[in-house]
Amino acid sequence: MAASYPEDLKYHPEHDWARIEGDVATFGVTWYAQDALGEVVFYDPPALGSTVAKDAAYAEVESVKAVSDVFAPLSGEIVEVNETLVEAPERINQDPYGDGWLVKVKLSDPSEVDQLLDVAAYRDLLA
């Protein structure tokens, strides 16, 4: 699978992405992150209703290589968790921007979006 970085997303330097829809953002890990991790075998999601803080770890993914923290690109309250990943964590590898999304968050400070990278800046970070 070729590396891909959708234009409509915002990116965090720790290789997480956010898809902003009004005051809710969907979070996931980038193609680069899932590729570096290798085969994901376990996803430990945060609790529904818990709060996350920008730049802080909020979940764990475990691969055959390592256990890695997942960092929140933005702050807010977890309003949805992708429970299918608990049973099928490999979806993070197969479709990191689609079925492999991790959580949906109601943003507490939408202005934080301005601190994230656009696709060009994220690609520069990887170069």
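The values are calculated or read from the model by the stated rules, or taken from the named source; none is laboratory data. Just so it is clear, the structure is predicted and the values come from calculations on it, not from any experiment. Ligands, DNA and RNA are excluded from the accessible area calculation, which covers all protein heavy atoms including side chains. Shrake-Rupley method; radii C 1.70, N 1.55, O 1.52, S 1.80 Å.
For the range 104-109, take each phi angle, set θ = phi - 60°, evaluate the Karplus expression 6.51 cos²θ - 1.76 cosθ + 1.60, and give the result in whole Hz per residue in order, putting x for glycine and proline.
Per residue, the Karplus-derived 3J(HN,Hα) values read 10, 10, 7, 5, 8, 9 Hz.
GNM, the chain, Cα, under 10 Å: largest mean-square fluctuation among G98, G28, G76?
G98
To the nearest whole percent, what portion of all C-alpha pairs in the range 80-127 is separated by more than 14 angstrom?
65 percent
Calculated from the structure, percent of Cα pairs over 20 Å apart equals which of [x] 48; [y] 43; [z] 37?
Read-out from the structure maps to [z].
Please work out the average accessible area per residue across the range 1-80, using the 1.4 Å probe convention, and give it in Å². Walk me through the numbers on the way to the answer.
Working: 3720 Å² over 80 residues.
Counting only protein heavy atoms, the per-residue value for the range 1-80 is 47 Å².
Between the range 1-59 and the range 76-127, what is the separation of their alpha carbon centroids in Å?
So the two Cα centres are separated by 3 Å.
Carbon and sulfur atoms: what percent of the 1.4 Å accessible area of the chain do they account for?
On the way: 2970 of 6200 Å².
Carbon-and-sulfur percentage of accessible area, whole number: 48.
Only helical DSSP H runs with n ≥ 4 go in: add -39500 (n - 2.57) per run for the chain, normalise by residue count and round the 222 nm mean residue ellipticity to 500 deg cm²/dmol.
When only DSSP H runs of four or more count, the value is -4000 deg cm²/dmol.
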